Amino acid sequence: MADLKKLIKKMEAFERYVNNDLKTIIGVEAVKHFKKSFDDEGFTDKTLKKWKEVERRKADSPWYGFKYGTKGVSSAAATGKIMTGNSDLADSIQWELTNTGVNVSAKTPYAEVQNKGGTIKVFGKKSVELTARPFMGESEVLRKKILKEVKKDLDRILK
């Protein structure tokens, strides 16, 4: 009888884990992984795939060290990381619970075009083609991180 009570407690703990903690782990790990893309200047699926270099960091480019609204070269623009100017995009990455699991998204209006590439209007006027710089998506490395956390938790719950 004591073994049955112990098994029931483990099953209840397992159910709580699946219904609550597991979704939190997935959401938190995904947000951390996707935000890391901005530090890495590229997206990691199986390996890190670096983003295309930006013109403002190429010394032979007319955009080298571009400083909006002034003349001269900005050392911050010439050396700064790609897509980290005001951090709005990275900061907009969040997760939420859904009926079926977890939804991870970036809430800025330009997130999708940055992630996939596409046409944008510069200063609301001229249309330009934006290079895709993926920061979110399917990731083998992320999947392995989540599985490692889940295995550790399940070992603890079911021991």
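The values are calculated or read from the model by the stated rules, or taken from the named source; none is laboratory data. Not measured: the values here are computed from a predicted model. FYI the Cβ positions are ideal-geometry reconstructions off the backbone, even for glycines, and counts take in every protein chain you see.
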Scanning segment 103-153 residue by residue, those over 19 Å from residue 45 (Cα atoms) and charged (D, E, K, R) turn out to be 107, 121, 125, 126, 129, 151, 152, 153
Has segment 51-60 got at least one residue that is under 13 Å from residue 136 (Cβ atoms), of a type outside the set (Lys, Arg) and in contact with a Phe, Trp or Tyr (Cβ under 6 Å, 6 or more places away or on another chain)?
no
Quick one: in segment 38-67, of everything that is at pLDDT below 95 and of a type in the set (A, V, I, L, M), which residue is surrounded by the fewest Cβ atoms within 10 Å (Cβ to Cβ)?
59
Might you let me know whether segment 138-157 holds any residue that is under 22 Å from residue 32 (Cβ atoms) and not in a helix (DSSP H, G or I)?
yes
Being of a type in the set (D, E, K, R) and within 19 Å of residue 63 (Cα to Cα) narrows 126, 152 down to just 126
Can you tell me which residue in segment 96-120 is surrounded by the most Cβ atoms within 10 Å (Cβ to Cβ), limited to those that are over 16 Å from residue 138 (Cα atoms) and in contact (Cβ under 8 Å) with a residue 60 or more places away in the chain?
97
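For every residue, the table says whether it meets (1) of a type outside the set (A, V, I, L, M); (2) within 20 Å of residue 115 (Cβ to Cβ).
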residue: 9; (1), (2): yes, no
residue: 26; (1), (2): no, yes
residue: 37; (1), (2): yes, yes
residue: 57; (1), (2): yes, no
residue: 75; (1), (2): yes, no
residue: 100; (1), (2): yes, no
Residues 123, 135: which one is exposed (fewer than 11 other Cβ atoms within 10 Å of the Cβ) and of a type in the set (Phe, Trp, Tyr)?
123
One residue is enough: does segment 111-131 have a residue meeting the conditions part of a loop (DSSP other than H, G, I, E, B), polar (S, T, N, Q) and under 16 Å from the mean Cα position of the chain (by Cα)?
no
Among the residues of segment 75-95 satisfying the criterion of being β-branched (Val, Ile, Thr) and outside any strand (DSSP E or B), which is surrounded by the fewest Cβ atoms within 10 Å (Cβ to Cβ)?
79
Residue within segment 58-65 that is at positive phi and either among the hydrophobic types (A, V, I, L, M, F, W, C) or under 15 Å from the mean Cα position of the chain (by Cα) (or both) present
no
